[in-house]
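Undergrad: Sharing a structure here in structure tokens format.
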Amino acid sequence: MARKIGSRYTAQQVLGRGSAGTVWLGEGPEGPVAIKLLREDLASDQDLVGRFVQERTALLSLDHPRIVGVRDLVVDGTDLALVMDLVRGCDLRSRLEREGRLAPAAAVAVAADVADALAAAHAAGVVHRDVKPENVLLDTAAPAGPGGAPPALLTDFGIARLVDSPRRTRATRIIGTPDYLAPEIIEGLPPRASVDIYALATVLYELLTGATPFGGGHPGAVLRRHVTETVAPVPGLPDPLWQILAQCLSKAPASRLTAGELGDRLREQLPGLAGLPPLRVAAPPADPAADPAAPGAAEEPARPRRGAVPLVRSAAPDSSRETHTNIKLPSARELAAYPRRDPGAGRGAGPRRAEPETLRRRRLRLAAAATAAVVAAGLGGWAIASSGDDAKANSRDDHHPDGGAGHRTTPTAPTAGAASPQGSTGTPAVLPHWSAFRDAPAPPVRPAGGPRAVRMAGATYVFVTGTDRNVWYITRDASDGRYGSWQLLTGIHVADDPAVVSARPGSLDLFALGTDGLLYRRTLAGGVWNDWYMVDQRTRFDAAPAAASSAPGRIDLVGRTGGDLVTASLVDDRWNAWAVVPTPGRVTAAPALLSRAPGTLDAFVVRKADGAVLRLPYANGAWRPTQIIGRLSAAGRPEAVVRGHHVYVFAPADGGGLTQAVGPATPTADPTDWTVTGLPAPTSRPVAATASGGLELWTVTPAGRLSRAGALPG
């Protein structure tokens, strides 16, 4: 029976039903349309109706050939409907159920079309959040493409965002179809563009194999696999295509391709996939208890399981669409399967897995620590761990750049009104004389920013971020000046210069800001790099952090988020919470950090208002009043290093080149104690400096070469 939808549209017959409503074939002023009529319980939610109207502009603005366009949003009495373009064809789920799996060329062509749709949406600031075969329509009225696949269009933009409001969802519940949920969603993080890439890669895997990589069984088991298991390789799949799949199914959001990159990479594979038949992949048996080794199992694979696992098994639809399975959030180390190495292992020793009982006790300690942290947060916020300080941390807003779900209260680090010994020393420091800058071996890719450097075991390790968004490094032997070869650290895409620190003899800790704004850590121990893992799953940074070690085995960090300086520390593999360091005004650029003596830190930041470089000392468990570094101003990230009784600060100058300042290592409030002058340099980029065994500077030249200068004797 036909029914009126608003004053302009008529719904004529049902085309399909979903968890959010019913899709009708309808008629409008401009011809046939598809009308998605949302459920009555949703239409009666006044909060949802308000957001529905607010989303109108964003949804109507999505205009792309691979997106099912939204023509209108109708709010009329109890009717809440999206009026969309009518696509003549079927959804991808129907074809997958009919054929089991697609030929590689057809599967890749469909995924590339969906990637194009996501690229357009992400550019407009819209995240789909529910990419799955049911929401991909195949336009069978249009000419077929590679592998005989009709053009694919992505639909249901905005439905997940409209329906899944915070008021309808408890923080401990998970929204979405388990098979396609990215690990960060399961961990409770806000959805960003990378969740769509993970879901699309899952769909592509399903098109190629007939099953999702982590699907099957209880929904809780599916969610656990997303977080803890690595995707299994697909036999017979060309390696370049497998590398794309594995990268987009990475647990770390920053390591995934963007939608635009994914579409381009997939289309590059199409010529080599032409004519290949569907993969012969043995699907799992329909009965989970069936013996996989039973006779005939390999010769005649069982029917592929349906990729989507219902959230709640019942005869009636689940009106809330909430998962009724709560899972323990893993630690960062558990998430990345971070291996623990035997401290006595040599260079060639491999990672050693913890014994089950040891792992059980470690998890109990982590759970206890997490519980204590939650209780502490409820009592008023966390303060950075410090010894001998009775100051209380006052909470304040942490101004995140996204201004959305990441917005939360962050404690203030302990401060003290009485600074360390102050006053003029009466003797201006003497500036060092520098050798000419000499280029290191050319890196395989052009550096995108400035370097970071650290001395360890008689060698300098210099790290840069390449234009390929990977971290590269090279070593220089301090005894003979010889360079090693450039090394590549893959695993995540980084957005800024990395930070590096050596807190233990023979080990390095590298910290990088991912393109998702989150902080990742990687450790070199015994000559072997461990995997990247996420340091903090919620705090997002808008500039790369800086790292130092104020005590053996301790790592101190400072970073910038929303114009605030924040600090945290890692002690005995336990992270202390991020806390805001009070500064006189907002700061810009990335900070610098050094430790001039055990238990002390000095952070160097650039004040946003005037570009002045400020020194923030930390001693006796508290941050001391801010001091101005002479007449030094900076146009980018500063660098600081301590040697003997002096601190050396270097910064890119406003008019180009570098500026250097030398002052006493003892904190001072008198700017005249600092000697400031220009430094001849081949660049105005940020520099790296080391002081162990002699002062040296590293920078990247305009030609993209790493270059070094050393302080001359005398």
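The values are calculated or read from the model by the stated rules, or taken from the named source; none is laboratory data. Predicted model, so just to flag it, every value in this text is computed and none were measured. Reconstructed Cβ throughout: ideal geometry from the backbone, glycine too, with neighbour counts over all protein chains shown.
Undergrad: Being assigned to a helix (DSSP H, G or I), among the aliphatic types (A, V, I, L, M) and either within 16 Å of residue 262 (Cα to Cα) or modelled with pLDDT of 85 or more (or both) narrows it down to one of 83, 87, 108, so name that one.
TA: 108
Undergrad: Scan the stretch 205-253 for residues that are of a type in the set (A, V, I, L, M) and more than 17 Å from residue 186 (Cβ to Cβ) and report the count.
TA: Adding up the residues that qualify gives 10.
Undergrad: Here's another thing I want to ask about it. What number of residues within the stretch 625-651 are touching an Asp or Glu at 6+ places or on another chain (Cβ under 9 Å) and without any contact (Cβ under 8 Å) to a residue 40 or more places away in the chain?
TA: The qualifying residues number 1.
Undergrad: Still on this model: Output the residues belonging to the stretch 225-256 that are aliphatic (A, V, I, L, M), surrounded by fewer than 21 Cβ atoms within 10 Å (Cβ to Cβ) and not in a helix (DSSP H, G or I).
TA: Residues satisfying the conditions are 231, 232, 234, 237.
Undergrad: Restricting attention to the stretch 424-434, does a residue exist that is in the same structural domain as residue 488 (by TED's automatic domain parsing), over 29 Å from residue 658 (Cα atoms) and at pLDDT 50 or above?
TA: No, that holds for no residue.
Undergrad: Can you give me the ranges of the strands (runs of 3 or more DSSP E) entirely in the stretch 457-562 with at least 3 residues that are within 26 Å of residue 704 (Cα to Cα) and among the hydroxyl-bearing types (Ser, Thr, Tyr)?
TA: Counting at least 3 such residues, we get 459-465.
One line per residue, one yes/no per condition, for (1) crowded, with 20+ Cβ neighbours inside 10 Å; (2) of a type in the set (A, V, I, L, M, F, W, C); (3) modelled with pLDDT of 90 or more; (4) under 29 Å from residue 230 (Cβ atoms):
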{"residue": "459", "(1), (2), (3), (4)": "no, yes, yes, no"}
{"residue": "473", "(1), (2), (3), (4)": "yes, no, yes, yes"}
{"residue": "482", "(1), (2), (3), (4)": "no, no, yes, no"}
{"residue": "500", "(1), (2), (3), (4)": "yes, yes, yes, yes"}
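Undergrad: Still on this structure, please answer the following. Return yes or no: is residue 478 more than 30 Å from residue 244 (Cβ to Cβ), hydrophobic (A, V, I, L, M, F, W, C) and either touching a Cys at 6+ places or on another chain (Cβ under 8 Å) or surrounded by fewer than 20 Cβ atoms within 10 Å (Cβ to Cβ) (or both)?
TA: Yes.
Undergrad: Is one or more of the residues making up the stretch 524-539 closer than 20 Å to residue 637 by Cα, of a type outside the set (Ser, Thr, Tyr) and modelled with pLDDT under 95?
TA: Looking for residues that are closer than 20 Å to residue 637 by Cα, of a type outside the set (Ser, Thr, Tyr) and modelled with pLDDT under 95, one finds none in the stretch 524-539, hence no.
Undergrad: Just for the stretch 588-615: of the residues that are surrounded by 19 or more Cβ atoms within 10 Å (Cβ to Cβ) and part of a loop (DSSP other than H, G, I, E, B), which one is farthest from the chain's Cα centre (by Cα)?
TA: Once the filter is applied, the top-ranked residue is 596.
Undergrad: Is it fair to say residue 587 is touching a Gly at 6+ places or on another chain (Cβ under 9 Å) and either under 22 Å from residue 686 (Cα atoms) or in contact (Cβ under 8 Å) with a residue 12 or more places away in the chain (or both)?
TA: The answer is yes for residue 587.
Undergrad: Under 9 Å between Cβ atoms, which residue pairs at least 6 apart in sequence (or on different chains) link something in the stretch 242-259 that is among the aromatic types (Phe, Trp, Tyr) with a partner that is not in a helix (DSSP H, G or I)?
TA: That search, which allows pairs on different chains as well, returns 242/233; 242/234.
Undergrad: Then there's this: Between a first residue in the stretch 449-462 that is on the phi < 0 side of the Ramachandran plot and free of Cβ contacts under 8 Å to residues at least 60 places away in the same chain and a second residue that is surrounded by 19 or more Cβ atoms within 10 Å (Cβ to Cβ) and among the aromatic types (Phe, Trp, Tyr), which pairs have beta carbons less than 7 Å apart while being 6 or more apart in sequence or on different chains?
TA: 461/473
Undergrad: Here is a further query. Please specify each residue of the stretch 124-144 satisfying the condition of being closer than 19 Å to residue 109 by Cβ, in contact with a Lys or Arg (Cβ under 9 Å, 6 or more places away or on another chain) and part of a loop (DSSP other than H, G, I, E, B).
TA: 132, 140, 141, 142
Undergrad: Quick check on residue 563: is it in contact with a His (Cβ under 7 Å, 6 or more places away or on another chain) and small (Gly, Ala, Ser)?
TA: Considered against the rule, which asks whether it is in contact with a His (Cβ under 7 Å, 6 or more places away or on another chain) and small (Gly, Ala, Ser), residue 563 comes out as yes.
Undergrad: Moving on. If I go through the stretch 634-657 residue by residue, how many of them are surrounded by fewer than 23 Cβ atoms within 10 Å (Cβ to Cβ) and in contact with a Lys or Arg (Cβ under 9 Å, 6 or more places away or on another chain)?
TA: So the answer is 2.
Undergrad: Got at least one residue in the stretch 402-417 being of a type in the set (Gly, Ala, Ser), in a strand (DSSP E or B) and either at pLDDT below 95 or within 21 Å of residue 513 (Cβ to Cβ) (or both)?
TA: Checked the stretch 402-417: no residue is of a type in the set (Gly, Ala, Ser), in a strand (DSSP E or B) and either at pLDDT below 95 or within 21 Å of residue 513 (Cβ to Cβ) (or both).
Undergrad: Okay, moving on. Which of (1) in a loop (DSSP other than H, G, I, E, B); (2) on the phi > 0 side of the Ramachandran plot is the odd one out, the single condition residue 630 does not satisfy?
TA: Exception for residue 630: condition (1).
Undergrad: Residue by residue through the stretch 667-696, note down the ones that are touching a Gly at 6+ places or on another chain (Cβ under 8 Å) and of a type in the set (A, V, I, L, M).
TA: Residues satisfying the conditions are 669, 676, 679, 681, 687, 688, 695.
Undergrad: How many residues, within the stretch 145-159, are more than 17 Å from residue 23 (Cβ to Cβ) and part of a loop (DSSP other than H, G, I, E, B)?
TA: Counting residues in the stretch 145-159 that are more than 17 Å from residue 23 (Cβ to Cβ) and part of a loop (DSSP other than H, G, I, E, B) gives 4.
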